[in-house]
Amino acid sequence: MQRLATTDAMSAWAAEQRAAGLRIGFVPTMGFLHAGHASLMRLLRDRVDRLVVSVYVNPLQFGPDEDLDRYPRDAEGDAALCRAEGVDALFMPDELYPDGFSTQVAVHGLTDHLCGRGRPGHFEGVATVCTRLFHLVRCQEAAFGEKDFQQLMVLRRLVTDLALPVRIVPGAIARAPDGLALSSRNAYLSEHDRARAPSLQRALRWLAEEVDAGERCVDTLIAGAKARIDSDGVEYLEVMDAATLQPVDAIGDRPARALVAARYGATRLIDNVAVGAPLTWT
């Protein structure tokens, strides 16, 4: 496995692979890697000739009062996991943006609600960093987990709108045995909060089961699910059209998604579950 520390090194490596006719897969991350990241690497490993993972804590997607400075980091642990998963190149730049960088990429509509409402500027940071990374890595496929469902849909819209030659591959949510969605931020949780956090998935699972049983009123579903969440505050719990991420009043024939964000002390966790008709990925 090669470790690449600069944008020039990453670009040169990618150009060499593409010149040889090799197909590149890419898993962009902010590090502190866990089994969820590993599942994305495995998702791409057999689909591509070369697999790249990036580790970069992107300042553009953090708000002024968010956890940029304390975001967990473990460079050597990340490298060990990537090596074990057969990664060909690990891109770990100290800095990703050149002096004078002043470009921003924004995807509208899909970012109007959910995390886009509560974290102004977040998705502009995500879209900007991913656009830059896609060009440096020159990947044909990039994997993103469904835990960050809004992010996944934003990036699918991004590559379509900008005609980027990248296929966004969705990865299923990786969970701990008690149902908690794996996240680097789980490391922040106290023992007490870690015991309460699986209530997010239990509440969403209850909601999905109610839909399967015939309940169609979204207000009823949300009220029942919120009552089952043990947290320090629910930032949002909404049922959205899965493709447009616009609110729905009732479960209909189109695929929908129930999404939640909640606080545990200073830690913000998110989760989601598909409801109604299945979403067909293309």
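The values are calculated or read from the model by the stated rules, or taken from the named source; none is laboratory data. Just so it is clear, the model here is predicted, and its values are computed rather than measured. Don't worry about glycine lacking a Cβ; one is built from the backbone with ideal geometry, like all the others, and counts go over all protein chains shown. Surface areas here come from the heavy atoms of the whole protein model, side chains and all, with no ligands, DNA or RNA. Shrake-Rupley method; radii C 1.70, N 1.55, O 1.52, S 1.80 Å.
Total residues in region 217-236 satisfying the condition of being of a type outside the set (Phe, Trp, Tyr), under 18 Å from Leu269 (Cα atoms) and surrounded by 15 or more Cβ atoms within 10 Å (Cβ to Cβ): the figure is 8. Is one or more of the residues making up region 230-242 over 28 Å from Arg157 (Cβ atoms), among the hydrophobic types (A, V, I, L, M, F, W, C) and at pLDDT 95 or above? Within region 230-242, none of the residues are over 28 Å from Arg157 (Cβ atoms), among the hydrophobic types (A, V, I, L, M, F, W, C) and at pLDDT 95 or above. Pairs only if they're at least six apart or on different chains, beta carbon under 7 angstrom, first in region 229-245 and within 15 Å of His113 (Cα to Cα), second charged (D, E, K, R) and open to solvent by less than 30 Å² (accessible area, probe 1.4 Å); list them, first residue then second. So the pair list comes out as Met240/Arg257; Ala242/Arg257.
For Thr282, the test of being open to solvent by 10 Å² or more (accessible area, probe 1.4 Å) and modelled with pLDDT under 95 is passed.
Test Ala172 against the criterion of being open to solvent by 30 Å² or more (accessible area, probe 1.4 Å), at negative phi and small (Gly, Ala, Ser), and give yes or no. Yes: the conditions hold for Ala172. The residues of region 16-28 that are buried (at least 23 other Cβ atoms within 10 Å of the Cβ) and not small (Gly, Ala, Ser), listed by number, are Ile24, Phe26, Val27, Pro28.
Quick one: in region 72-82, which of the residues that are buried (at least 18 other Cβ atoms within 10 Å of the Cβ) and out of contact with any His (no Cβ under 8 Å at 6 or more places or on another chain) is nearest to Arg263 (Cα to Cα)?
Filtering region 72-82 for residues buried (at least 18 other Cβ atoms within 10 Å of the Cβ) gives 78-79, 81-82.
Checking which are out of contact with any His (no Cβ under 8 Å at 6 or more places or on another chain) leaves us with 78-79, 82.
Details: Asp78: 27, Ala79: 30, Cys82: 30 Å.
Checking each candidate, the answer is Asp78.
In the set (1) in contact (Cβ under 8 Å) with a residue 12 or more places away in the chain; (2) surrounded by fewer than 16 Cβ atoms within 10 Å (Cβ to Cβ), the condition left unmet by Ser183 is number (2).
Can we say Thr111 is of a type outside the set (A, V, I, L, M, F, W, C), in a loop (DSSP other than H, G, I, E, B), open to solvent by less than 30 Å² (accessible area, probe 1.4 Å) and modelled with pLDDT of 95 or more? Don't jump to the end; show me each part of the working.
Values: of a type outside the set (A, V, I, L, M, F, W, C): yes; in a loop (DSSP other than H, G, I, E, B): yes; open to solvent by less than 30 Å² (accessible area, probe 1.4 Å): yes; modelled with pLDDT of 95 or more: yes.
Spelling it out, Thr111 is indeed of a type outside the set (A, V, I, L, M, F, W, C), in a loop (DSSP other than H, G, I, E, B), open to solvent by less than 30 Å² (accessible area, probe 1.4 Å) and modelled with pLDDT of 95 or more.
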